[in-house]
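The values are calculated or read from the model by the stated rules, or taken from the named source; none is laboratory data. All figures in this text were calculated on a predicted structure; none of them were measured in a lab. Virtual Cβ from ideal backbone geometry, glycine too; neighbours counted across all protein chains shown.
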Amino acid sequence: MSTVHEILYKLSLEGDHSTPASVYRSVKAYTNFDAEWDALNIETAIKTKGVDERSTKKELASALKSALSGNLETVILGLLKTPAQYDASELKASVKGLGTDEDSLIEIICSRTNQELQEINRVYKEMYKTELEKDIISDTSGDFHKLTVALAKGRRAEDGSVIDYDLIDQDAQDLYDAGLKRKGTDIPKWISIMTEQSVCHLQKVFEKYKSYSPYDMLESIKEVKGDVENASLNLGQCNQNKPLYFADRLSEFKRKYGKFLYYYIQQDTKGDYKKALLYLRGGDD
């Protein structure tokens, strides 16, 4: 069995291995998980470097780093990280150096739960000896800065069993009065509601908003330009339907480039790197 196939086949994500495979999307939980046995299998897979890109007994990440290189190394080492470690490293990459990778920053902080964001903040400080919030503050500005900092804290209200219809109506009216489709937009008010209220509450606010405005919430958001618009649309889409948000990103890729991501991976990559990406991509659509 090739190195990449052995590693991808045996390598499992950290977490409860009784979780249904669908939760992991293309990376399926390994039903007969045995950490010690799998570690031995992975060690065997990388022991004969030069035969099949396979090093001696070391800490797993170090052994893989010495056996692999380039893009394949990046993929496999990425799979060794916990979700929080991976997100923390992506966030660090998005805010360091010249400019900001707004797309990565926006996707992570808009789509993660409070619990996930709090764990990311903890891991980020552990890995980089500084606060995530501090790095975002130093690398962003204006309303985009206010929105991203507020979201990154992971302190929005949690979904509860009690539905406050009066507050839903008030928030919908406040969002309309904030004027996303009119002159004099009150962005701070909008940021306050969107970053403090629970997802369940906001879903109902979005529905109620239609009774005040001829536009739905996502159409109204498009009136705001630049990074704030991009972040706001991502946030709004995640609040409405998170699985659909990620599905739409793949559909948008096809609309923009004419073919599915799977096709371009097949055409533009090669070797074990290609195998790894196709294995992770799962299907051809």
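For Leu167, are the conditions met, namely being surrounded by 20 or more Cβ atoms within 10 Å (Cβ to Cβ) and under 26 Å from Leu117 (Cα atoms)?
Considered against the rule, which asks whether it is surrounded by 20 or more Cβ atoms within 10 Å (Cβ to Cβ) and under 26 Å from Leu117 (Cα atoms), Leu167 comes out as no.
Could you say which residue among Lys96, Lys47, Lys92, Lys58 is more than 19 Å from Ala276 (Cβ to Cβ), modelled with pLDDT of 85 or more and surrounded by fewer than 17 Cβ atoms within 10 Å (Cβ to Cβ)?
Testing whether each residue is more than 19 Å from Ala276 (Cβ to Cβ), modelled with pLDDT of 85 or more and surrounded by fewer than 17 Cβ atoms within 10 Å (Cβ to Cβ) leaves just Lys92.
Quick one: is Gln266 over 17 Å from Asp171 (Cβ atoms) and not assigned by TED's automatic domain parsing to the domain that holds Ile106?
Criteria met by Gln266.
Within region 222-275, take every residue that is assigned to a helix (DSSP H, G or I) and of a type in the set (Lys, Arg) and give me the one that is surrounded by the most Cβ atoms within 10 Å (Cβ to Cβ).
The residue in question is Lys275.
Condition test on Ser104, is it at pLDDT below 95, surrounded by 14 or more Cβ atoms within 10 Å (Cβ to Cβ) and in contact with a helix residue (DSSP H, G or I) (Cβ under 8 Å, 6 or more places away or on another chain)?
Answer is yes for this residue.
Can you tell me how many residues in region 113-148 are surrounded by 13 or more Cβ atoms within 10 Å (Cβ to Cβ), over 17 Å from Ser198 (Cα atoms) and β-branched (Val, Ile, Thr)?
Going through region 113-148 one residue at a time, the tally reaches 5.
Do the conditions hold for Val205, that is, is it within 26 Å of Leu151 (Cα to Cα), surrounded by 14 or more Cβ atoms within 10 Å (Cβ to Cβ) and either at pLDDT below 90 or more than 21 Å from the chain's Cα centre (by Cα) (or both)?
Judged against the criteria, Val205 is a match.
How many residues does region 111-138 hold that are assigned to a helix (DSSP H, G or I) and under 30 Å from Gly160 (Cβ atoms)?
16
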